[in-house]
C-alpha cells in the first residue's frame, strides 16, 4: 500500500504535449500534496529543477530521460507507443487513469 504522504511537498515534472492530459495528471498529483511543474516539450535542462523528486515523461523525452537517470531521478514513461525502449522505472500505456500514474509514482518513492 503506497504511503499517503509520500508525494506531499515533492516536486513532480510532467512532460506532456497534450495539455488536457497534463492538467489531469497535475490535478491528481496536487490532490496528494505534490508540487507540479508542467511543460509540453522535453528539454535536458529540466533535469536541473531543484529538488526534483520524479518525472512523468512522454515518448519524445529520451534525452531528458538520460539526464534524469544520470542524476538518479526516477521517471515513468506515460505513452501510447508500445514499441518504445527506455530506461524508465515503469512504462504506463495510454490511456490510463491519472490515479494509475500517481500510484506508480508513489510506489517508486516508497
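We did not get these values from a lab; they are worked out from the coordinates using the rules stated. None of these values were measured; they are calculated from a predicted model. Cβ: placed from backbone, ideal geometry, glycine included. Neighbour counts: every protein chain shown.
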(request) Considering each of 28, 53 in turn, give the residue that is surrounded by 13 or more Cβ atoms within 10 Å (Cβ to Cβ), in contact (Cβ under 8 Å) with a residue 40 or more places away in the chain and in contact with a strand residue (DSSP E or B) (Cβ under 8 Å, 6 or more places away or on another chain). (result) 53
(message) Here's a check for you: in region 56-69, which residue that is touching a residue at least 24 places away in the same chain (Cβ under 8 Å) and out of contact with any helix residue (DSSP H, G or I) (no Cβ under 8 Å at 6 or more places or on another chain) is surrounded by the most Cβ atoms within 10 Å (Cβ to Cβ)?
(response) 61
(request) Quickly run through region 1-25 and pick out the residues that are free of Cβ contacts under 8 Å to residues at least 24 places away in the same chain and in a loop (DSSP other than H, G, I, E, B). (result) 1, 18
(request) Filter region 31-49 down to residues that are in contact with a strand residue (DSSP E or B) (Cβ under 8 Å, 6 or more places away or on another chain) and part of a loop (DSSP other than H, G, I, E, B), then give me how many there are. (result) 5
